[in-house]
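Below is one structure, written out as structure tokens; the observations come after it.
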Amino acid sequence: MLIDAFFLDFDMEKALKKEVEEVMSQPSVTGVLCVDSDGLCVAAQGSASKTSSGLVAAVASQAAALRPNAPAPVVVLESDVGTTLVKSHSGTTVAIYKSGTARKDTNSTTPAEVNR
């Protein structure tokens, strides 16, 4: 019955909202984006932009294609302003945005050091 499907979706939405709020309560987390298997935004909170849904789904898909027989990888995108973690599981892709600077690799060089 259609009304039963509505309440099932409503319960799932409540459960997802609770999970997103729990992740958002973690230290340094500034945003959470959940995307379905079609790349459509299911939930977005904080600094996460709904317009990034397709891009986040594509990043997860392309990373998984590197090793098709392995479990879905966690993609870590680091920048000077923070880190974004992306992972797919059971048809849903989640991106978690964290503030703070990326960890420093003491063995790497900066572009300024390369030009010296």
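The values are calculated or read from the model by the stated rules, or taken from the named source; none is laboratory data. Note that the coordinates shown come from a computational prediction; the quantities given were computed from them, not determined experimentally. Cβ coordinates were reconstructed from backbone atoms using ideal geometry, including for glycine residues, and neighbour counts include every protein chain displayed.
Cβ-Cβ contacts under 7 Å between residues 6 or more apart (or on different chains), taken from a first residue in the range 25-47 that is touching a residue at least 24 places away in the same chain (Cβ under 8 Å) to a second residue that is basic (Lys, Arg), are listed as 28/98; 29/98; 30/98; 43/17. Counting residues in the range 31-51 that are in contact with a helix residue (DSSP H, G or I) (Cβ under 7 Å, 6 or more places away or on another chain), in a loop (DSSP other than H, G, I, E, B) and loosely packed, with under 13 Cβ neighbours inside 10 Å gives one or more. Take the range 71-89 and flag every residue that is among the aliphatic types (A, V, I, L, M), touching a helix residue (DSSP H, G or I) at 6+ places or on another chain (Cβ under 8 Å) and in a loop (DSSP other than H, G, I, E, B). Answer for the range 71-89, where residues must be among the aliphatic types (A, V, I, L, M), touching a helix residue (DSSP H, G or I) at 6+ places or on another chain (Cβ under 8 Å) and in a loop (DSSP other than H, G, I, E, B): just 72. Can you pull out the residues in the range 78-115 that are modelled with pLDDT of 95 or more and of a type in the set (A, V, I, L, M)? Scanning the range 78-115 gives 85, 86, 94, 95, 96. Listed conditions (1) in contact with a strand residue (DSSP E or B) (Cβ under 7 Å, 6 or more places away or on another chain); (2) modelled with pLDDT of 95 or more are all met by residue 55, apart from (1).
Within the range 19-36, the set of residues being polar (S, T, N, Q) and within 16 Å of residue 50 (Cα to Cα) comprises just one member, 30.
Pairs please, first residue from the range 68-79 and within 19 Å of residue 57 (Cβ to Cβ), second anywhere and loosely packed, with under 10 Cβ neighbours inside 10 Å, Cβ atoms under 8 Å, 6+ apart in sequence or on different chains. Note: pairs meeting the criteria are 73/66.
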